[in-house]
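Have a look at the structure below, then the notes.
The values are calculated or read from the model by the stated rules, or taken from the named source; none is laboratory data. Note that the structure is a prediction, hence the values are computed from the model and not measured. Reconstructed Cβ throughout: ideal geometry from the backbone, glycine too, with neighbour counts over all protein chains shown. Note: accessible area is taken over every heavy atom of the protein model, side chains too, but ligands, DNA and RNA are not part of it. Shrake-Rupley method; radii C 1.70, N 1.55, O 1.52, S 1.80 Å.
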Amino acid sequence: DAKRAGRGVTRLFDEGMDEGIRFRRRVEQGLAEAIDKGELSLVYQPIVSRGELEVIGFEALVRWNTEEYGPISPATFIPIAEESNVIHELGDWILDSALAMVQRFPDQYVSVNFSPRQFRRSNFVGHIMESVQRAGVLPSRVQIEITETAIFDDAERAAETLYKLRQMGFRIALDDFGTGYSSLYNIRKFALDSLKIDRSFIDGMGRERESAAIVHSIIHLGRALGLEVIAEGVETAAQVQALRLAGASHMQGYFFSRPVTPELAIELAVQRFLGGDLNEEQAGTGT
Ligand code: C2E
Ligand code: MG
Ligand code: MG
Ligand code: MG
């Protein structure tokens, strides 16, 4: 009986795997065609200053609307693309689209996510420089977002790449900070402009002492190293207040705005200040 049950489990497991593998293959093939089919788009989420809630930049976030499965989240397809060379074609399209967009903002920067494989591509620096030159965009209008995994596997080479990019005038942000394996001691070796606190910590801030402590530590660390600290995933007025008190430099999250279409992003960029809601709430609490 146990044997038979075991076989059943194995078969189920195999079928599950097959389906998983089939899905990955479809995604990989689909992505290769997605650009030509016009299935990809970028949305933009404002990044605001802590004080006046001035829109200082936008993070570009990719969206994929497939024929077969409908919209698929980047959290699903980026890791699949990352395992093959499709990530390069996809990444080039994302960068070029974001560069075309930033020229339509009065003076905000655009923040672009790069996966570890893109970052480690040979001549990444030359490639990105060529793209901005072709687009006629100043590097200072571009923030490069990378994760801890991208830089800590080959720290020496990564440090050199970041140094060059920063010399050229790009901004560098370390994304999802706190979730990776970075040694705090090593952080100082990298040419960075900002740390982005992962939204899981912001989410936990009001509930768990641990999350609040981590948020405070990251902000202190950032300030001690002369870095900006951007809090991501800010959803409530209470989080805004707590982050202001803690000394976060910038904030991003649904509280201010969801990622929006290019047209709306330009409106927000021109309008420049967000946070009418926050001011009302503050007035309401009488603080
Ligand atoms: P990320 O770079 O950490 O991006 C932030 C994610 O948090 C985005 O999810 C954004 O929509 C979401 N978010 C922003 N504010 C809030 C909030 O207040 N509450 C909650 N619950 N979520 C919020 P999204 O767009 O689904 O992207 C997921 C991840 O996929 C990104 O995480 C990034 O790692 C990756 N990704 C997205 N676009 C690109 C891209 O163009 N290139 C690369 N390489 N990766 C990308
Ligand atoms: Mg990001
Ligand atoms: Mg992030
Ligand atoms: Mg994240």
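Going by the conditions given, is residue 110 β-branched (Val, Ile, Thr) and away from ligand 3 (no atom under 16 Å from the Cβ)? Quick ask: steps written out before the conclusion?
On the way: β-branched (Val, Ile, Thr): yes; away from ligand 3 (no atom under 16 Å from the Cβ): no.
Taking the combined requirement at face value, the residue does not satisfy it.
Could you tell me how many of the residues in the stretch 183-199 are under 25 Å from residue 169 (Cβ atoms) and either more than 16 Å from ligand 4 (Cβ to nearest atom) or open to solvent by 100 Å² or more (accessible area, probe 1.4 Å) (or both)?
The total comes to 8.
Say we look at the stretch 167-182 and pick out the residues that are at pLDDT below 95 and open to solvent by 20 Å² or more (accessible area, probe 1.4 Å); which of these is farthest from ligand 2 (Cβ to nearest atom)?
181
Kindly indicate whether residue 228 is within 16 Å of ligand 3 (Cβ to nearest atom), open to solvent by less than 40 Å² (accessible area, probe 1.4 Å) and either under 22 Å from residue 183 (Cα atoms) or at pLDDT 95 or above (or both).
Details: within 16 Å of ligand 3 (Cβ to nearest atom): yes; open to solvent by less than 40 Å² (accessible area, probe 1.4 Å): no; either under 22 Å from residue 183 (Cα atoms) or at pLDDT 95 or above (or both): yes.
Answer is no for this residue.
If I ask for residues that are polar (S, T, N, Q) and away from ligand 4 (no atom under 16 Å from the Cβ), which ones from the stretch 156-182 would you list? Before you say what the answer is, go through the steps one by one.
Filtering the stretch 156-182 down to residues polar (S, T, N, Q) leaves 161, 167, 179, 182.
The answer is 161, 167.
The rows are residues; the columns are (1) in contact with a Leu (Cβ under 6 Å, 6 or more places away or on another chain); (2) in a helix (DSSP H, G or I); (3) away from ligand 2 (no atom under 16 Å from the Cβ); (4) within 22 Å of residue 154 (Cα to Cα).
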residue	(1), (2), (3), (4)
185	no, yes, yes, yes
189	no, no, yes, yes
192	yes, no, no, yes
200	no, yes, no, no
210	no, yes, yes, no
219	no, yes, yes, no
223	no, yes, yes, no
